[in-house]
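As structure tokens, the structure follows; a few thoughts come after it.
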Amino acid sequence: MRVTQSMLSNNTMRNLMTGYTNMAKLQEQVSSGKRIKRPSDDPEAAAKSIGFRNQVDNIEQYKKNLIEVNNWLDSSDEALDGVGQVLHRAKELVTNAANTGAMNPEEREFIKIELRQLQERVQDLANTKVMDKYIFSGTNTNKPLSPLFDTAKGVLLPDPGFSKDVEIEVFNGVNLKVNTNAMELFKGIDDFFNGITEAGDEVKFNEAMKDLDSQMNKVLEQRIEIGGRMNRSELMQNRLDLQEQTAKKLQSENEDIDFEKVITEMLTQEAVYRASLSVGARVIQPSLVDFLR
């Protein structure tokens, strides 16, 4: 086969363009720190990157969900702590009344007045909200719990939504209960206050103290149950942190470049390109057109 000057020139130009393209690609990798800029760079690695990115995005969403879980649990515990403080104050009043013995009507009325105020405080706590949701109303988060139960008759409303669980997804297939089913609890406390404030002159404070101790124990049981879910939420947070670290590490190993290796390749490619230019200048001979310029 006869090798012409034109063939030498075309091959030289083609090789120069290939070298320039390779050098530009390496420079792009160094500037971005990524070895994959488009799927065509490495289809298999690009597909893996999509999977890792989706995994990281899902974990970030689960962590946001956990923030809402913690808001519910913290608010519920804080509200029940307030209920406990109210009941402690009520116990002080009832204990003093029981130890005093005979009380005149004025003293009895003073105690009832403060107990009514404490009752209203508990009713307010029953309507605690996180953002725009009532946290003690089950799945009826748009309805306040009090006064949806008939405090005068002590009859629960038939709506089953107030006893249903509210769950939030914190991992693939894993949901955490965030609400506290407190209808019975708040009803019992409300009945306790009604038993004293609506009674006549014959208030049996000793019996009321026993009922009050029972209500305080129920509040404590609810707080212990909330504490258990808080611990589970914390464990899930740790699990998500580890999952996120692993996913980002795999994503980095799949996408990021080895800077030392790529810089070495780029310098080598640059030297090859300069040598190709030097050789090409000798291969491509001046033409008649060059002399006429």
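Nothing in this text is a laboratory measurement; each read-out follows from the coordinates by a stated rule. Note that the coordinates shown come from a computational prediction; the quantities given were computed from them, not determined experimentally. A quick note on method: Cβ atoms are made from the backbone with ideal geometry, for glycine too, and the neighbour counts reach across all protein chains shown.
For residue 55, what is the net charge nearby, where nearby means another residue's Cβ is under 12 Å from its Cβ and Lys, Arg count +1, Asp, Glu -1? Write down the numbers at each step before the final one.
Numbers: positive: 48, 53, 248, 249; negative: 57, 60, 244.
Summing Lys and Arg as +1 and Asp and Glu as -1 gives +1.
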Item checked: Total formal charge among the other residues, if their Cβ is under 15 angstrom from that of residue 219, Lys/Arg +1 and Asp/Glu -1 -> -4
Next item on the list: Would you mind checking which residues have amide H under 5 Å from residue 143's amide H? H placed 1.01 Å from N; only 5 or more apart, or other chain.
Entry: 134
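Rounded, prolate or oblate for the range 49-251? Axes are the square roots of the Cα gyration tensor eigenvalues, ordered a ≥ b ≥ c, and the cut-off for rounded is a/c under 1.5. Intermediate results must be reported in sequence, preceding the final value.
Working: a/c = 3.95, a/b = 2.72, b/c = 1.45.
Taking the square roots of the gyration eigenvalues as a ≥ b ≥ c, the range 49-251 is prolate.
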Checklist line | Cross-link pairs beyond the 18 Å C-alpha cut-off, checked among 91/218; 63/143; 48/248; 63/177 | finding: 63/143
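What does the charge count near residue 175 come to, summing +1 for each Lys or Arg and -1 for each Asp or Glu among other residues with Cβ under 10 Å from its Cβ? Intermediate values should be presented prior to the final figure.
Values: positive: 177; negative: 165, 167, 169.
Summing Lys and Arg as +1 and Asp and Glu as -1 gives -2.
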